[in-house]
2 protein chains.
Amino acid sequence: MNPPRLLDGKAVAASVLDECRAEAAALKAHGITPGLAVVLVGEDPASQVYVGSKARTCAELGFHSLKIELPAATTQLELLEVVRGLNADPAIHGILVQSPPPKHIDEAAIIRAIDPRKDVDGFHPENVAKLVLEDPTGFVPCTPAGCMKLLEEAGIATTGAEAVVIGRSMIVGKPIALLLVSKAANATVTLAHSRSLDLPAICRRADILIAAVGRPEMVKADWVKPGAVVIDVGINRVADPTKKSGYRLTGDVAYAEVAPRCAAITPVPGGVGPMTIAMLMKNTLQAARQLTGVRSGGV
Amino acid sequence: MNPPRLLDGKAVAASVLDECRAEAAALKAHGITPGLAVVLVGEDPASQVYVGSKARTCAELGFHSLKIELPAATTQLELLEVVRGLNADPAIHGILVQSPPPKHIDEAAIIRAIDPRKDVDGFHPENVAKLVLEDPTGFVPCTPAGCMKLLEEAGIATTGAEAVVIGRSMIVGKPIALLLVSKAANATVTLAHSRSLDLPAICRRADILIAAVGRPEMVKADWVKPGAVVIDVGINRVADPTKKSGYRLTGDVAYAEVAPRCAAITPVPGGVGPMTIAMLMKNTLQAARQLTGVRSGGV
């Protein structure tokens, strides 16, 4: 078979970020600087990396960014106060509380406290509902939005396609299924999960297969219909003594054996991963536009 | 083949209503009478019938009911005022604005104005989000809830079952798909629709087939896997000169040819239809309990 087409998330993300940079410049002509606040509670090293990279991307695009680092002992009430302050801050258009917070924090209550118009993660109930209701003023969660953008940029037709999504999480699986079945995409969507019987047979139906389970290399070659498009949302750390870090990153798809069967596939890393932060920036721009009423460009 | 088992919505609805009656009596011992307000704008004859039957059912169960009939010329602002009054009325636990309102009314804005704690139709964004997030304090839309109750009462196992839902509406198809895929039901769910290719083949995979399209007798015998369970949500009027009314009711399923293949099937009428109003009463009780903090019985 021909080698599969690589769905290059790095390249697509770079072009989304270029558009964001241009759009931010256009907004500045109106006196508006898109502003993103990222709140980190505690000292989880992975979270620190994510938060740092979000702030850096903001700087690269000419966004205003605010990084609020709070001690692990921060109380629910203190965190709510911080969120309320950001809700009221006119320089901030997007608010993100890095997940997961420490265990004593009620994350759902924190998300509900964020002004839904600034909820650039798309996790607030109002935005969840807008996703179901296909209301474009809502914020689509960044990873699902990134998957859709990858398909779109690659010119992969979704109308009438059989899409299978493995994983029914609130932040990836369900939103992707809702996006794929919406009138904008028109796919026939099957949502499968840990309780599904004969997952390989279900996956083999897919013209578009989305793996979002968090289990390294679960999807094998014989799960994939020849010629399918495969989007691998998984980013799993697998021990690897040959690496300096002691681990390597792998997706939910057994890439080496699956890729030769596919028409197109995302690599891990470099597939969906880079798209997430790009779509976060795009959501922040959308928030800035919607909050200020200034429209410009077409990001 | 053996004759299929009839999923008798009339009987299940009657038993749900019996439980509601008992629960209402138990709440009365605490000084609480469940109260449902139904608002009708305009004079659509079908809507008048629905509203009348809701009020009658309330009376039969010992619920307080309030029927508010407004002229077709009622403005958006006037209707919003009525909704606000009901939100503030402590005797009212459930509020329902009969659909469809006249064209000059923005129905989505009216739904958003209903206190989500009184939104017994389950259409408010907050309840839509709770459905996605599997939060049991939300109100599940009545027809989807009725379908799930029919499956449950018939002892039909959903875990690992292949369910196919035809129709992606916000009030039936999507909610049913979300309920079936939730951790409470664990089905593998395919959501199909007008843009799906080869609907018959997709439907033939189904252990549980839910038709919610509104096209009379669209689902034919060869769309149904032998031994499947079929839930027919459609209630369509088809011209029939042999009837006094000039029409007969038919579902989305060609019952006569499909039924012999099924393990179980809902008739139309007498299947899903009677469940809708029963689940509305159950939602009103849930609202009364949640608003007053009084728990009693287990409806």
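The values are calculated or read from the model by the stated rules, or taken from the named source; none is laboratory data. Just so it is clear, the structure is predicted and the values come from calculations on it, not from any experiment. Don't worry about glycine lacking a Cβ; one is built from the backbone with ideal geometry, like all the others, and counts go over all protein chains shown. Just so you know, the surface numbers come from the protein's heavy atoms only, side chains and all, with ligands and any DNA or RNA stripped out. Shrake-Rupley method; radii C 1.70, N 1.55, O 1.52, S 1.80 Å.
For the Cα atoms of chain A, what angle does the longest principal axis make with the long axis of helix A:76-88, in degrees from 0 to 90, nearest 10? That helix lies at roughly 80 degrees to the long axis. Distant-in-sequence amide contacts of B:V230, defined by a placed amide H-H separation under 5 Å and a gap of 5 or more residues or a different chain, comprise B:L209, B:A264, B:I265, B:T266.
Report, to one decimal in Å, the Kirkwood hydrodynamic radius for the protein assembly as shown based on all distinct Cα pairs. Don't skip to the answer; put the middle values down first.
Values: mean 1/r = 0.0386 Å⁻¹.
Result for the protein assembly as shown, one decimal place: 25.9 Å.
Entry note, chain A: the mean residue ellipticity at 222 nm calculated from DSSP H runs of n ≥ 4, each adding -39500 (n - 2.57), is -12000 deg cm²/dmol after division by the residues and rounding to the nearest 500. In a fully extended conformation the segment linking A:S53 and A:D18 would gain 11.0 nm over its present Cα-Cα distance, using 0.36 nm per residue. Taking only the Cα atoms of chain B, the radius of gyration and Dmax are 19.4, 59 Å.
Too long at a 21 Å Cα-Cα cut-off: which of A:K174/B:K130; A:K67/A:K282; B:K54/B:K174; A:K67/A:K118; B:K54/B:K118; B:K28/B:K118? Walk me through the numbers on the way to the answer.
Working: A:K174/B:K130 13 Å; A:K67/A:K282 18 Å; B:K54/B:K174 25 Å; A:K67/A:K118 16 Å; B:K54/B:K118 16 Å; B:K28/B:K118 19 Å.
Distance filter (> 21 Å) returns B:K54/B:K174.
Dividing the convex hull volume of the alpha-carbon atoms in segment A:198-240 by its residue count gives 79 Å³ per residue. If you take the alpha carbon atoms of segment A:1-144 and fit the smallest convex hull around them, that volume is 151 Å³ per residue. Between the helical axis of A:9-28 and the dominant principal axis of chain A, each derived from Cα atoms, what acute angle in degrees is found, rounded to the nearest 10? Between the helix axis and the principal axis of chain A, the angle is about 20 degrees. Modelled spin labels at A:A11 and A:R237, positioned 7 Å past Cα toward Cβ, are 3.1 nm from each other. A cut-off of 5 Å between modelled amide H atoms, ignoring neighbours fewer than 5 places along the same chain, links A:V97 with A:V39.
Annotation: B:E78 carries an accessible surface of approximately 100 Å², with a 1.4 Å probe and no ligand, DNA or RNA atoms counted.
Please report the buried accessible area for the interface of A with B, total over both chains, probe 1.4 Å, in Å² to the nearest 100.
Details: alone 13930 and 13890 Å², together 25130 Å².
Summed over both sides, the interface buries about 2700 Å².
For peptide B:124-137, the mean count of partner chain Cβ atoms within 10 Å of a residue's Cβ comes to 5. Shielding of peptide B:198-209 by partners, expressed as the average count of other chain Cβ atoms within 10 Å per residue Cβ, is 1.
If Lys and Arg each add +1 and Asp and Glu each add -1, what is the summed charge of the other residues whose beta carbon sits under 15 Å from the beta carbon of B:P71?
Values: positive: B:K67, B:K103; negative: B:E43, B:D44, B:E69, B:E78, B:E81.
Summing Lys and Arg as +1 and Asp and Glu as -1 gives -3.
Compute the acute angle (0 to 90°) between the alpha-carbon long axis of helix B:45-61 and the principal axis of greatest extent of the alpha-carbon atoms of chain B; round to the nearest 10°. Relative to chain B, helix B:45-61 is tipped by roughly 70 degrees.
Can you give the mean number of other chain Cβ atoms that lie within 10 Å of the Cβ atoms in peptide A:183-193?
Values: counts 4, 0, 1, 5, 5, 12, 8, 11, 10, 6, 7.
Mean partner-chain Cβ count within 10 Å for A:183-193: 6.
Net charge within 14 Å of B:P34 by Cβ-Cβ distance, Lys/Arg positive one each and Asp/Glu negative one each, not counting B:P34 itself? Numbers along the way, then the final one.
Numbers: positive: B:R21, B:K28, B:K54, B:R117, B:K118, B:K282, B:R289, B:R295; negative: B:E19, B:E23, B:E60, B:D89.
With Lys, Arg at +1 and Asp, Glu at -1, the net is +4.
Backbone geometry of segment B:259-269 corresponds, through the Karplus equation with coefficients 6.51, -1.76 and 1.60 at θ = phi - 60°, to 3J(HN,Hα) couplings of 3, x, 8, 8, 6, 7, 8, 8, x, 10, x Hz, x marking Gly and Pro. For B:K220, the accessible surface of its heavy atoms amounts to roughly 80 Å² (probe 1.4 Å, protein chains only, rounded to the nearest 10).
The H on the amide N of B:V213, modeled in the peptide plane, is under 5 Å from the matching H of B:G234, each at least 5 residues off or on a different chain.
In this rough spin-label picture, where each label sits 7 Å from Cα along the Cβ direction, the B:A157-A:A72 distance is 4.4 nm.
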